[in-house]
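The structure under discussion appears below in the form of structure tokens.
What follows is calculated from the coordinates using simple rules that are stated; it is not laboratory data. Quick caveat, the model's predicted, so the values are computed rather than measured. Cβ: placed from backbone, ideal geometry, glycine included. Neighbour counts: every protein chain shown.
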Amino acid sequence: MSTYVVVGLQYGDEGKGKITDVLSAKSDYVVRFQGGDNAGHTVYVGDEKFVLHLLPSGVLQCKGKCIIANGVVVNPKAFIKEIEQIESKGLKTDHVFISRRSHVIMPYHILLDTYREEEQGGTQIGTTKKGIGPCYEDKIARVGIRMIDLLNPEVLREKIEKNLKVKNSLFEKYFEKPGLDVEEIFQEFLALGERLKDRIVDTELEINEAIQEGKNILFEGAQALMLDIDFGTYPYVTSSSPSTGGVCTGAGVPPTALENLIGVAKAYTTRVGNGPFPTELDNELGEKIRQIGFEFGATTGRPRRTGWLDLVSLKHACMINGINNLVITKLDVLTGISPLKIATKYKTEDSKIIDYFTSSTTKLYDYEPIYEELEGWTEDITNARTYDELPANAKKYIEFIEAYLGINVYLVSVGPERSQNIIRKELF
Ligand code: GDP
Ligand code: IMO
Ligand code: MG
């Protein structure tokens, strides 16, 4: 077996896309297992920028197959748009497939997501408005439309009819918005099914057979553990399980098949959307990090909130995921900032000192991070390719993280370009 799982350990945008791209050159399969086109994974190849949303980032380098597995929610129109964008850059996409079991994001999911977010006085999550939450709701409520349904006109029409009865009543009566037309949506999605039919396949058998044959399989996570529906800062989370555990249900793979569990964290923290963020720097330094790190959402363009590295939440994320290989990205962004702070504990609202993450999202707003201070460095590290080329204080920063978490950092990323990596151990 040679399985690799890449997951985010913070609030998303850790650089998972870049790491997946690097690892996918040696992968026979790259598999997305959760989320949808709420993700924005950026890969730089030279000066050329690719932003992947729904397609696995492996699409650029993987010589084998790229699979969108059953746990992903698929907007077929977004899929086609992305395929066309990739093809317009001269790359092939005939190795990209979608599970027949994947749920389809329908126009009413997007509207519901949007109307809820725009509702005055609601607790806005700050979603990407891509219809992710409402699509997963329908999946769990057992009324969802799956990719396989796009290939069966009778089933598709019946399901759209049933769903619109309920959704239109909600739109018209509660949100005071116009309802949607069954026939129009039916014709549109039937045509999308026809267009995509050769890519809609069963995926779990092939993935499991490939694992048994010892092929290299890379599972690419979207979002991150602090946005996990169970273990993140609920309700300010996404609606899936972006954890290593999510691979099992999201791709149909047994837990015993997962070997290399790679957790990606930025050298600092960012968050886009609402919710608690204990180490947030809502000040000039936070703005400086945003500008240097170019911290703007790849999907919505929103400025990302920025802050110090938070080892309390990172330890929580590593525990839930069982991480055995760490990646630290964007270390270069911290160049020139001194001292550097790292949160190692929290002081609770009743002055207790704790070093574990809490389930109480409301209390988290009142927790004060307790920091360790480390001296920074001023040398440009973007051209470093071996660990020894890093300044002593940059190494101390990495080693502080390793010692706290008890996990080795196997890769340090020092720039957005594909080659800007310090690889301390070859995993393949
Ligand atoms: P993802 O969602 O986890 O794939 O991350 P995003 O692509 O949304 O955000 C990460 C951003 O940081 C992208 O713009 C990357 O090009 C960029 N990036 C990744 N690694 C590094 C790094 O080591 N240094 C710098 N400066 N930028 C990086
Ligand atoms: P990648 O894969 C960062 C955030 C949204 C919002 C919350 C719920 O690029 O790391 P949703 O649309 O999923 O219902 O929004 O989750 N969010 C992300 N933040 N990176 C992402 O993906 C995200 N996907 C969703 O901003 O706070
Ligand atoms: Mg992103």
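Assorted remarks:
- Here the label points at A141 and E176, each 7 Å from Cα along the C-beta direction, are separated by 2.3 nm in the simple model.
- Global geometry of the range 35-178, whether rounded, prolate or oblate, following the gyration tensor of its Cα atoms and the 1.5 cut on a/c: oblate
- Dividing the summed -39500 (n - 2.57) terms of all DSSP H runs of n ≥ 4 by the residue count of the chain sets its mean residue ellipticity at 222 nm at -9000 deg cm²/dmol.
- Summing +1 for each Lys or Arg and -1 for each Asp or Glu among the other residues whose beta-carbon sits under 13 angstrom from that of E161 gives -1.
- The relative contact order of the chain comes to 20 percent, based on Cα pairs under 8 Å that sit 6 or more residues apart.
- The loop-placed trypsin sites (Lys or Arg not before Pro) in the range 341-372, going by DSSP, that have at most 10 neighbouring Cβ atoms within 10 Å of their Cβ come out as K352.
- Linear extension gain, T249 paired with E117, 0.36 nm per residue minus alpha-carbon span: 44.7 nm
- Only Cα pairs under 8 Å and 6+ residues apart enter the sum, and on that basis the relative contact order of the range 138-255 stands at 16 percent.
- Taking a straight line from the alpha carbon of K330, these lysines sit under 25 Å away, with near neighbours fewer than eight places off in the same chain left out: K16, K18, K26, K49, K266, K288, K315, K341, K345, K395, K396, K425.
- Cβ-defined net charge surrounding L91, 13 Å radius [Lys, Arg +1; Asp, Glu -1]: -3
- Distance between the range 245-323 and the range 367-386 - C-alpha centres, whole angstrom: 17 Å
- Using θ = phi - 60° in the Karplus curve 6.51 cos²θ - 1.76 cosθ + 1.60, the 3J(HN,Hα) couplings for the range 207-220 round to 5, 5, 5, 5, 4, 4, 7, x, 5, 7, 10, 10, 9, 9 Hz; x is entered for Gly and Pro.
- Ordered by the count of other Cβ atoms within 10 Å of each Cβ, fewest first, D138, D282 give D282, D138.
- Counting only alpha carbon atoms, the long axis of helix 107-118 and the longest principal axis of the chain meet at about 50°.
- The chain - share of DSSP beta bridges that are antiparallel (%, nearest 5): 40 percent
- Under 20 Å from the S88 label point (7 Å along Cα→beta-carbon), backbone N, the range 190-233: 196
- When E379, E220 are arranged by Cβ crowding within 10 Å, least crowded first, meaning fewest neighbours, the order is E379, E220.
- Gyration tensor verdict on the range 1-82 (Cα atoms; rounded if a/c is under 1.5, prolate if a/b is larger than b/c, oblate otherwise): rounded
- Between Q291 and K347, the simple spin-label model (points 7 angstrom out along Cα→Cβ) gives 3.2 nm.
- You can think of it this way: the chain between K395 and N152 has 81.7 nm of extra reach, that is 0.36 nm per residue less the Cα-Cα gap.
- Ranked by how many other Cβ atoms sit within 10 Å of their own Cβ, fewest first, the residues F79, F296 fall in the order F296, F79.
- Within the shell of other residues whose beta carbon sits under 15 angstrom from the beta carbon of K347, the net charge comes to -3, with Lys and Arg scored +1 and Asp and Glu -1.
- All aspartates and glutamates inside 14 Å of K363 as judged from Cα atoms, apart from same-chain residues fewer than 8 positions distant: E349, D350
- Model label zone, V201; criterion: amide N under 16 Å from point 7 Å along Cα-to-beta-carbon; scope the range 79-105: 93-102
- FRET efficiency estimate (nearest 0.05) - Cβ-Cβ, R385 to Q124, R0 41 angstrom: 0.40
- For the range 176-242: rounded, prolate or oblate by the Cα gyration tensor [a/c cutoff 1.5]: oblate
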